[in-house]
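Q: What follows is a structure written as structure tokens; I'll ask about it next.
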Amino acid sequence: MRYIDTHTHLDGEEFNPDRDEVVSRAREAGVYKVFVPAIDLAHLGDVVTTCRRYPGFAYPMIGLHPEEVRADWREVLDEMKRQLSPAFIAIGEVGLDFYWSREFELEQMECFERQVQWSVETRLPLMIHCRKAQNEMVRIMRGYAKDLPGGVFHCFTGNQHEAEELLQFENFALGIGGVLTFKKSHLPEIVSHIPLDRIVLETDSPYMAPVPMRGSRNESAFTLYVLQRLAESFGVSADEVSERTTATALSIFPKANT
């Protein structure tokens with residue numbers, strides 16, 4: 001059984017003491033590829049270096065995370081665009097986040113739209129982060145819906161209506177992670193009404209560790225707990241979830257087929 005963690009911050013300093021061991025544990029657990037999003041310009045080099053360290057296993061993305069958007073976002077994106085190379089498999093992690101603050105609301109929306117345009121121009125899929133901003137995000141994306149190559153709505157925790165709205169975008173899937181395993185989570189019921197072929201696995205490690213590892217540093221090996229809970233929700237085997245989520249991930253991120 002082989003499967004993909006479509007969202008891990010493997011480059012993060014949390015993994016500096018034992019990154020090789022983290023990768024080894026992931027492989028032993030069945031994870032054979034991981035996708036590593038960028039969050040800002042300062043750490044983009046770390047993303048690239050980390051993925052080069054694990055060729056054929058770790059694949060980099062490029063993008064400016066909404067929580068990192070400031071008044072200088074145009075200059076940041078200009079420099080990122082200069083560094084955009086064939087090594088990157090996606091534009092991400094990008095999106096909108098109005099959970100903590102709306103101080104840079106306008107800048108976030110302009111920055112997100114610019115990166116959506118990158119996706120259209122480069123044919124690279126999007127890895128989208130969205131919190132408390134789905135209406136605004138959908139409104140921006142609808143202007144490009146016919147031209148977008150696809151992507152993932154990362155860390156989906158919404159309701160049935162929100163899921164249906166997001167899945168109106170073709171070749172997009174919902175990223176399901178550790179929240180699925182939480183005791184009071186409504187996600188097991190929600191996901192059972194979503195086509196399994198529109199779901200991909202993720203950890204968002206080192207954050208959001210699943211049960212039974214809550215409270216500890218998350219890592220890609222823990223994708224297995226999400227996979228198992230997803231199999232329970234759908235009433236199918238873990239092998240079927242592995243096969244179908246992997247097929248979906250590779251169809252959205254074709255550059256990771258290498």
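Q: What are the trypsin sites (Lys or Arg not before Pro) within segment 113-222 that DSSP puts in a loop, where the Cβ has at most 10 other Cβ atoms within 10 Å?
A: Details: sites: 114, 123, 131, 132, 139, 142, 146, 183, 184, 198, 214, 217; in loops: 123, 132, 146, 183, 184, 214, 217.
Listed in order of number, the matching sites are 146, 183, 184.
Q: Please list the three semi-axes, largest first and in whole Å, of the ellipsoid equivalent to segment 115-237, using sqrt of 5 times the eigenvalues of its alpha carbon gyration tensor. Walk me through the numbers before you get to the answer.
A: Working: eigenvalues 135, 49, 34 Å².
Output for segment 115-237: semi-axes of 26, 16, 13 Å.
Q: Given a 1.4 angstrom probe, what's the average accessible area per residue across the chain, in square angstrom? All intermediate terms of the calculation are to be shown ahead of the outcome.
A: On the way: 11400 Å² over 258 residues.
Ligands and nucleic acids excluded, the figure is 44 Å² per residue.
Q: Let me ask another. Would you mind telling me the share, in percent, of accessible area of the chain contributed by carbon and sulfur at probe 1.4 angstrom? Before the final figure, lay out each step's value.
A: Details: 5490 of 11400 Å².
Here it works out to 48 percent.
Q: Going toward the positive end of the dipole of the chain, with +1 on Lys and Arg Cβ and -1 on Asp and Glu Cβ, which of 210, 158, 246 do you reach last?
A: It is 246, whose Cα lies furthest towards the positive end.
Q: Can I ask one more? With the contact rule set at Cα under 8 Å and sequence spacing of 6 or more, what percent relative contact order holds for the chain?
A: Working: 510 pairs, mean separation 53.1, N = 258.
Once normalised by length, the contact order is 21 percent.
Q: Could you bin all the Cα-Cα distances of segment 48-120 into 10 Å bins starting at 0 and give me the percent of pairs in each, rounded to whole numbers?
A: 19, 47, 26, 7
Q: What 222 nm value per residue comes from the helices of the chain, counting each DSSP H run with n ≥ 4 as -39,500 (n - 2.57) and dividing by all residues, nearest 500 deg cm²/dmol?
A: On the way: 9 runs with 98 residues, N = 258.
That comes out to -11500 deg cm²/dmol.
Q: Measuring from label point to label point, each 7 Å out along Cα→Cβ, what is the residue 236 to residue 123 span in nm?
A: According to this spin-label approximation, the distance is 2.9 nm.
Q: So which GluC sites (Glu not before Pro) in segment 154-239 pass both tests, a DSSP loop state and at most 16 other Cβ atoms within 10 Å of the Cβ? Walk me through the numbers on the way to the answer.
A: Details: sites: 162, 164, 165, 170, 189, 202, 219, 232; in loops: 170, 202, 219.
Sparse-neighbourhood loop GluC sites (Glu not before Pro): 170.
Q: Multiply the residue separation of residue 102 and residue 197 by 0.36 nm, subtract the distance between their alpha-carbon atoms, and state the gained length in nm to one decimal.
A: Details: separation 95, 0.36 × 95 = 34.20 nm, distance 3.45 nm.
So the chain would gain 30.8 nm between residue 102 and residue 197.
Q: If you don't mind, another one. Need one number: nm distance between label points at residue 243 and residue 52, each 7 Å from Cα along Cα→Cβ, rounded to one decimal.
A: So the label points at residue 243 and residue 52 sit 3.9 nm apart.
Q: Hey, another quick one. Would you mind computing Rg(Cα) / (2.2 N^0.38 Å) for the chain, counting N as its residues?
A: Details: Rg = 16.9 Å, N = 258, 2.2 N^0.38 = 18.1 Å.
Against the empirical 2.2 N^0.38 Å value, I get 0.93 for the chain.
The values are calculated or read from the model by the stated rules, or taken from the named source; none is laboratory data. None of these values were measured; they are calculated from a predicted model. Neighbour counts run over all protein chains shown; Cβ positions are idealised from the backbone, glycine included. Surface areas here come from the heavy atoms of the whole protein model, side chains and all, with no ligands, DNA or RNA. Shrake-Rupley method; radii C 1.70, N 1.55, O 1.52, S 1.80 Å.
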